[in-house]
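Reading through the structure tokens given below for one structure.
The values are calculated or read from the model by the stated rules, or taken from the named source; none is laboratory data. From a predicted model like this one, the values you see are computed outputs, not experimental measurements. Neighbour counts run over all protein chains shown; Cβ positions are idealised from the backbone, glycine included. In case anyone asks, the SASA skips ligands and DNA or RNA and just uses the protein heavy atoms, side chains included. Shrake-Rupley method; radii C 1.70, N 1.55, O 1.52, S 1.80 Å.
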Amino acid sequence: LLVLLKIWKWVNDKRDQECYILDYQCYKPADDRMVGTEFSGEVIKRNKNLGLNEYKFLLKAIVSSGIGEQTYAPRIMFSGREETPALADGILEMEEFFQDSIGKLLSRAGVSPHEIDLLVVNVSMITAPPCLSSRIINHYKMRQDIKCFNLTGMGCSASLISLDIVRNVFKSYKNKYALLVTSESLSPNWYAGNDRSMILANCLFRSGGCAILLTNNKSLKHRAMFKLKCLVRTHHGARDESYNCCIQREDEIGKVGFYLGKNLPKAATRSFVDNLRVITPKILPVTELVRFMVVSLVKKWNRHGSTKGTTTQGPIKAGVNFKSGVDHFCIHTGGKAVIDGIGFSLDLTEYDLEPARMTLHRFGNTSASSLWYVLAYMEAKKRLKKGDKVLMISFGAGFKCNSCLWEIVRDLEDGNVWKDEIQNYPPKTLVNPYMEKYGWIQDEDPSTFKIPED
């Protein structure tokens, strides 16, 4: 009886350590913050440090970026003060997001702010005491014993780091609610110099955010949307090459910006491969792992065991079939090259990559919150069915690669942030109009070039 009691207690405690998502709310800024082709041209013209070569580079970057004309920028851009931000600009940008998304989320879930036991906020590029988590607690008048964490500087992979904090707290405390808030502050971080490796960030990053409500209360699992199966974090900060490839710094003229090095793809690939080595055995069935081992051994044997005069029939493919254990792929919208690279590595189809491509086109790279826009797209398209598995993959400065696997608890079909426009996606073409509008600049002569008034 004692043995049975201990087994029952272990199983019961294990169930209390589960991590469920009850609901989540992505943020859609007001239409007056939408970035179109005309407005982008006005912003670029305001930077007096740019010349013809920089214009050509920016045009090429934005045309090939995969970003459309309906992304959002902070209000400071529309008042023409991006080069002289005030502290209030960054705070206002965050408060607009907090008050919209958290309010909608708690109201829809029927949960009072006073019921939140754990608050985790990640916004990498703003630190303003009191911290953002304290501002949320003050606005919603949360409990004085709430456990709160405020993460900065963690980059685009921060939402899964925040999730890891929630998961670990849930292991020690039963029947808790957690609120995870993920966004990025762009207002104080516009780059006004002419370093190409730094102006690229201006093309990619856009305003956004997401609030996620989680619990480990097993009595609420029937209301849950997702159940966390596993989470793996990989950090290559000890490698100087990886550490320096994605970093905030000053350029030669003292302008602060976010540097994206040419070795970034290499660093991302290395961290991605190491992350896959750890998470693959956790998410794929044994049959697929055995098949992969057998194929790998045969391939190795053919390479080293062939005799003189023996010809082979060509290379034997030894890739893992991730679709044997994963139904949907939620990929960080770091850029078109990031999406293409992951798609190639995992042998994914255009159907698998569509949610990430559409999110990049519609909302841009919203940093750590981008994964949740991708997830919302899948839900709006009614792809997420009970029992399906969703793999999330994200990258961040440092250099980091984090991934996790979710199990869908019930059929999902709410539109979330895509509700009013999902019928328009995917569009017939993802080509943006920047080349049509500004393509003439490619034929300009540097010795005679002048910026036109119109």
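Kindly flag which residue pairs out of K104/K382; K6/K176; K389/K428; K218/K419 have an alpha-carbon separation exceeding 26 Å in this structure. Don't skip to the end; give the middle numbers.
Numbers: K104/K382 21 Å; K6/K176 24 Å; K389/K428 29 Å; K218/K419 30 Å.
Checking Cα-Cα distances, K389/K428; K218/K419 exceed 26 Å.
Order these peptides, 136-142, 387-393, by their mean beta-carbon neighbour count within 10 angstrom, highest first.
Values: 136-142: 16.7, 387-393: 18.6.
Per-residue Cβ counts within 10 Å, averaged per peptide and sorted highest first, yield 387-393, 136-142.
Using a 1.4 Å probe and ignoring any ligands, DNA or RNA, find the accessible area of M94 and quote it in Å² to the nearest 10.
0
Keeping all protein chains in place, calculate the accessible area per residue for the stretch 66-146 (probe 1.4 angstrom), answer in Å². Walk me through the intermediate numbers first.
Values: 3490 Å² over 81 residues.
Accessible area per residue, the stretch 66-146: 43 Å².
Please list E288, E38 from largest to smallest accessible area, probe radius 1.4 Å, with all protein chains kept in place.
On the way: E288 15, E38 105 Å².
Greatest to least solvent exposure: E38, E288.
Take W301, W8, W190 and sort them by solvent-accessible surface of the protein heavy atoms, 1.4 Å probe, largest at the top. Intermediate values should be presented prior to the final figure.
Working: W301 185, W8 155, W190 55 Å².
The ordering from most to least exposed comes out as W301, W8, W190.
What order, most packed first, do the peptides 96-107, 236-247 have when packing is the mean number of other Cβ atoms within 10 Å of each residue? Walk me through the intermediate numbers first.
Working: 96-107: 18.8, 236-247: 15.8.
Listed from highest to lowest mean packing, they are 96-107, 236-247.
Among 334-341, 424-431, 346-353, how do they line up by average Cβ neighbours within 10 Å per residue, starting with the highest?
On the way: 334-341: 20.0, 424-431: 11.1, 346-353: 15.0.
Peptide ranking by packing, descending: 334-341, 346-353, 424-431.
Quick one: net charge of H114's neighbours, Cβ under 9 Å, K/R +1, D/E -1? Don't skip to the end; give the middle numbers.
Working: positive: K141, R143; negative: E115.
The answer is +1.
Could you tell me which residue out of G103, T280, M77 lies farthest along the dipole of the chain toward its positive end? Charges go on the beta carbon: Lys and Arg +1, Asp and Glu -1, centred on the Cα centre.
T280
Given R₀ = 25 Å, FRET efficiency for V286-D411 by Cβ-Cβ distance, to 0.05?
Details: r = 28 Å, r/R0 = 1.12.
Once the sixth-power term is evaluated, E becomes 0.35.
Pairs of alpha-carbon atoms within less than 8 angstrom and 6+ residues apart define the contacts here; what relative contact order does the stretch 101-151 have, in percent?
Relative contact order of the stretch 101-151: 48 percent.
Share of the stretch 329-393's accessible area from carbon and sulfur, percent, 1.4 Å? Write down the numbers at each step before the final one.
Numbers: 970 of 1760 Å².
Taking all protein chains in place, the stretch 329-393 shows 55 percent carbon and sulfur surface.
So if each residue of separation counts as 0.36 nm, and I subtract the Cα-Cα distance between L2 and K56, what length gain in nm does that give? List each step's numbers first, then the result.
Numbers: separation 54, 0.36 × 54 = 19.44 nm, distance 7.49 nm.
Residue separation times 0.36 nm, minus the Cα-Cα distance, leaves 11.9 nm.
For the stretch 347-454, with every protein chain kept in place, what is the accessible area per residue (1.4 Å probe, Å²)?
About 44 Å² of surface per residue is accessible.
Distance between the C-alpha centers of the stretch 219-234 and the stretch 126-141? Whole Å please.
Cα centroid to Cα centroid, the span is 27 Å.
Given a Förster radius of 60 Å and the C-beta distance between K382 and T448 as r, what FRET efficiency does 1/(1 + (r/R0)^6) yield to the nearest 0.05? Could the numbers behind the result be given before it?
Details: r = 56 Å, r/R0 = 0.93.
The computed FRET efficiency comes out at 0.60.
So how much accessible area does T152 have, in Å² to the nearest 10, using a 1.4 Å probe?
50
Using a 1.4 angstrom probe on the protein heavy atoms only, line up D145, D117, D195 by accessible area, largest first.
Working: D145 95, D117 25, D195 45 Å².
Order by accessible area, largest first: D145, D195, D117.
I'd like the antiparallel share, as a percent to the nearest 5, of DSSP beta bridges with both residues in the chain. Spell out each step's value before the answer.
Values: 39 of 55 bridges.
Within the chain, antiparallel bridges account for around 70 percent of the total.
Give the aspartates and glutamates whose C-alpha is closer than 17 Å to that of K266, dropping any in the same chain fewer than 8 places away, or say none.
Those aspartates and glutamates meeting the cut-off are D240, E241, D274, D340.
Over the chain, what is the relative contact order in percent, taking alpha-carbon pairs closer than 8 angstrom and at least six residues apart? The partial results should precede the final answer.
Values: 830 pairs, mean separation 105.8, N = 454.
About 23 percent, as a whole number.
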